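Nothing in this text is a laboratory measurement; each read-out follows from the coordinates by a stated rule. Quantities reported herein were computed from a predicted structural model and do not represent experimental measurements. Cβ atoms come from the backbone with ideal geometry, glycine included; neighbour counts cover every protein chain shown.
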């Protein structure tokens with residue numbers, strides 16, 4: 001095989017001319033499109049990263065807000081529990097006080113009625129005693145008759 005200079009030079013010149021044409025009309029726009037695509041991918045990656053960071057920050061905020069809401073709910077429940085216990089104690093104390101007052105009123109009423117009954121009984125006994133005395137005086141009777149008369153009046157008093 002012989003080495004042909006003319007053929008090699010023409011091949012090199014053709015290759016250079018083809019490379020220059022491809023570089024001017026094909027590689028330039030192709031590389032420009034590829035550079036735009038690279039920039040777009042970088043922007044999307046940066047946007048995704050910032051979105052991920054924002055999502056993590058949001059998630060942390062939501063966790064903190066949820067924890068705060070749980071604490072507040074627990075505090076509200078504790079307050080309600082304390083208030084209900086306090087209210088129940090107040091109601092029990094008020095009921096005990098009312099029961100004591102009603103009992104005292106009832107005892108006073110009983111005492112008053114007892115005193116009225118004793119007064120009425122004394123008045124009645126006094127009246128009966130006067131009647132017995134007047135009947136005894138009216139009838140000057142012997143001891144046996146007097147005893148019968150007293151027994152009769154006692155029976156009358158007992159039946160009333």
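For the pair residue 148 and residue 116, the difference between a 0.36 nm per residue extended length and the Cα-Cα distance amounts to 8.4 nm.
Taking only Cα atoms, what is the 0 to 90° angle, nearest 10, from helix 5-21's long axis to the longest principal axis of the chain? The two axes meet at around 30 degrees.
Size descriptors for the range 83-122 (Cα atoms only): Rg and Dmax, in that order, 17.2, 58 Å. Please work out, to two decimal places, the log10 of the ratio I(q)/I(0) at q = 0.09, 0.17, 0.18 Å⁻¹ from a Debye calculation in which every Cα of the range 1-134 carries one identical scatterer. Computed log10 I(q)/I(0) values: -0.77, -1.07, -1.10. Roughly what angle does helix 28-138 make with the longest principal axis of the chain, taking Cα atoms, 0 to 90 degrees, to the nearest 10? Result, in degrees: 0. Rg/Rh for the range 68-136 (Cα atoms only, Rh after Kirkwood) is 1.70. Which stretch or stretches of the range 47-61 have amide N atoms under 19 Å from the point lying 7 Å from residue 69's Cα along the Cα→Cβ direction? Residues 55-61 fall inside that zone.
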